[in-house]
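The values are calculated or read from the model by the stated rules, or taken from the named source; none is laboratory data. Because the structure is a prediction, the values reported are computed rather than measured. Note that we place each Cβ from the backbone using ideal geometry, even for glycine, and neighbour counts take in every protein chain shown. To get the accessible areas, we keep the full protein, side chains included, count just its heavy atoms, and leave off ligands, DNA and RNA. Shrake-Rupley method; radii C 1.70, N 1.55, O 1.52, S 1.80 Å.
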Amino acid sequence: MTETYLDRAQLLQQRLITALGDLLGTYTSLNGETTPAIAIDDTGSSPQGMSVEGLEVVIQPEVNTPVTAMLGSNQIAAETTITLKQWDLNDTTIAATEALLLAIDEITEVSPRVVRSTVLDNIESRRITVTLTRVQRVMRAGV
């Protein structure tokens with residue numbers, strides 16, 4: 001069976017959970033169940049119906065997928081956006097960024113931190129791009 005973009009995002013999610021460890025915050029559902037605050041969402045949004053405590057990570061899989069044609073194959077460089085959101089007013093995204101840079105070799109870009117303003121509901125955030133490259137065999141017409 002062929003691996004899908006969601007399969008790749010779930011594998012990356014596990015790597016992020018391991019890399020972040022105790023830095024990762026928690027989601028709490030309306031019925032009180034807690035889970036690690038890490039989600040996969042095509043739009044980059046947080047899950048509906050969950051409250052967040054601490055650091056939240058949202059994975060937006062394969063937002064850009066440049067393809068380079070090679071002899072008999074395509075090289076696919078799938079870019080995934082990871083958004084770190086720090087909901088704790090007394091903490092930042094710095095330690096989480098450092099942990100990810102040490103653990104994830106495929107990080108290709110780290111955006112500047114968007115620091116919180118004086119608005120009470122404003123959070124600090126940072127976007128990180130991870131580029132996972134794979135080769136796909138193809139049969140080209142006339143070859």
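Remark: region 18-106 carries 52 Å² of accessible area per residue (probe radius 1.4 Å; ligands, DNA and RNA excluded). Indicate the gyration tensor shape class of region 46-109 (rounded, prolate or oblate), computed on the Cα atoms with a ≥ b ≥ c the square roots of the eigenvalues: a/c under 1.5 is rounded; otherwise a/b larger than b/c is prolate and the rest oblate. Oblate.
Across region 54-65, computed HN-Hα scalar couplings (Karplus, 6.51 cos²θ - 1.76 cosθ + 1.60, θ = phi - 60°) run x, 7, 10, 10, 10, 9, 10, x, 6, 6, 9, 9 Hz from first to last residue, x flagging Gly and Pro.
When only the Cβ of Lys, Arg, Asp and Glu is charged (+1, +1, -1, -1), the dipole of the chain relative to its Cα centre reaches about 560 debye. For the chain, the share of accessible area belonging to carbon and sulfur comes to 53 percent (1.4 Å probe, ligands and nucleic acids excluded). Shown for region 1-62 is the translational diffusion coefficient from the Stokes-Einstein equation, using the Kirkwood radius over Cα pairs, a temperature of 37 °C and a viscosity of 0.692 mPa s: 267 µm²/s. Taken one residue at a time, the phi angles of region 30-36 give Karplus couplings (6.51, -1.76, 1.60, θ = phi - 60°) of 4, 8, x, 6, 10, 9, x Hz. Gly and Pro are set to x. Scalar couplings 3J(HN,Hα) for region 17-26, obtained by applying the Karplus form with A = 6.51, B = -1.76, C = 1.60 to θ = phi - 60°, are 4, 5, 5, 7, x, 6, 6, 6, x, 10 Hz; x denotes Gly and Pro. Across all directions, the shadow cast by the convex hull of the chain built on its C-alpha atoms averages 10.7 square nanometres. Under 5 Å from the amide H of Glu62 lie the amide H atoms of Thr80, Thr81, each residue being 5 or more positions distant or on a separate chain, with H modelled from the backbone and absent for Pro and chain starts. Only one residue of Ser51, Asn90, Ala19 has its Cα farthest out toward the positive end of the dipole of the chain, where Lys and Arg carry +1 and Asp and Glu -1 on Cβ, and that residue is Ala19. Applying a DSSP loop filter and a limit of 16 other Cβ atoms within 10 Å to the trypsin sites (Lys or Arg not before Pro) in region 54-133 leaves Arg113, Arg116. Selection among Leu101, Ala78, Thr129 by position relative to the dipole of region 36-143 gives Ala78 as farthest towards the positive end (Cβ unit charges, Cα centre).
Angle, helix 94-103 long axis vs. longest principal axis of the chain, Cα atoms, 0 to 90°, nearest 10? The two axes meet at around 30 degrees.
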